[in-house]
Every structure is written in C-alpha cells, then in structure tokens.
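Encoded as structure tokens, the structure appears first; notes follow it.
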Amino acid sequence: MKIQTISVIALFMMFAAQLQAQDAQEIIRRVQSKYDNISDAKATFTQTVKGSGGKGNSSSGVIYIKKQNNYRIEAGNQIIITDGVTSWVYSPNKKQVVIDNYKDDGSTFSPNKFLFSYPENFYSDLEGEETIGGTACYLIKLTPRGGSNVKSAKIWIDKNEDLIKKITISTNQSTSTYTLKDITLDAGVSSSKFTFTPPSGVEVIDLR
C-alpha cells in the first residue's frame, strides 16, 4: 500500500510539473507572438547589479530596441549600442568608446532576447504569480539547456498585456535585476539610434 501511495504521489508530481511546463510555454508563446508583431520598442528601466560579494549598485535609464538585434541602452554614465554587426560602449565621463564585433552565442544577455522576447536556449517553468508595481504578473523560471554564461533567470510577465515587466539574471559573477516601466511598442525609433560616431577628442579602443 505504501509503495502504491508513493507511486501515486510521484505520478501526480510528474503530471503537475508537465502542466507547469505547458502553462509556461503557452505564456511564452503569447509574449513571442506580441513581439513578432512589432518593429521596435522603447521603455524606461531600473537596474540593480549585485556582485558575488553581496555588494550592489543601482541605475536607471532608457532602452530602445529594433529588429534585428538592434538595441541602445542609456544608463548612468554609459551608453551601449549595437546595430547587430558592431557594438559600441561609450563612457562620456571617461571620454572613451570601446568598439567590438557584436556577439551572440545564444546564451548571453541581449535586451531583445530577454526583455521583449524569449531566450530559446532555456527551459521554462511557471513558478506562480506575483504583483510588480501594481501589475499582476506570471513568474517564470528559466534554466539554460546547455553551457551558458547565465546560470538561471526569472521573468515576470504582465498577465493582461503579455509583456515582460521584470527579469533577474544570475551568473557566476553577479545577479542583475531589470524592471521595465513606460513600455511603448512601435514607438517609431529611428535607425540612427543604433549606430555611433565617436565625438571629437574621445579615446577609441577598437577590438575588432
């Protein structure tokens, strides 16, 4: 009888896990469908980064995205820009810009992939529901399918708007949390936002 009871419990747990995975996939499909039907987006955000030692710092800014792999992040004293081919990291205070080839190994952080879309190289599980800034959200846990710079991540998805409102990303070095506000879809973001010409007098470090 005890063995049968354990078997029933095990089957129930497996069934519940399958239902959670299916629910997560359905929510993700709705998010992806919404993303697929827009050309660009703009949002304000707050970011908190905590290192492995527990120390953290916060900043806020504006993020712009445009298909394909175009994004611009303006936060604090740094601007990060890519057109999907080249990336620029500009520090006005240091009067320095670092230029490199855009890299996407399928598991690294990309705003397009994490904030407005869905990273395909991760398993997803519905953990429950939480309220973010007065908005009812689904909480979904993401786990890498293979080797990844990202150990785990969680995303909070607006139940009514099917938009990601918050994400936490953990690596071996740090944990970063992004909270989005004032999301505008199809904002008419100009392509000029995703390229960069260093101002006169700025040190250029070209890693290409």
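Bear in mind that the values in this text are calculations on the coordinates, not laboratory data. Keep in mind that this is a model prediction, so the values were computed, not measured. Cβ sites come from the backbone with ideal geometry, for glycine too, and all protein chains shown count toward neighbours.
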Using 0.36 nm per residue, how much length does the chain from Asn172 to Arg30 gain when fully extended, once their Cα-Cα distance is taken away? 48.0 nm
For the table Lys42/Lys165; Lys34/Lys159; Lys34/Lys166; Lys66/Lys193; Lys42/Lys193; Lys55/Lys103, the rows whose alpha-carbon distance is greater than 19 Å are Lys55/Lys103
Provide the packing ranking of 33-39, 95-101, i.e. peptides ordered by the mean count of other C-beta atoms within 10 Å per residue, highest first. 95-101, 33-39
Using only Cα atoms, locate the centre of segment 134-208 and the centre of segment 55-72, then give the distance between them in Å, rounded to an integer. 6
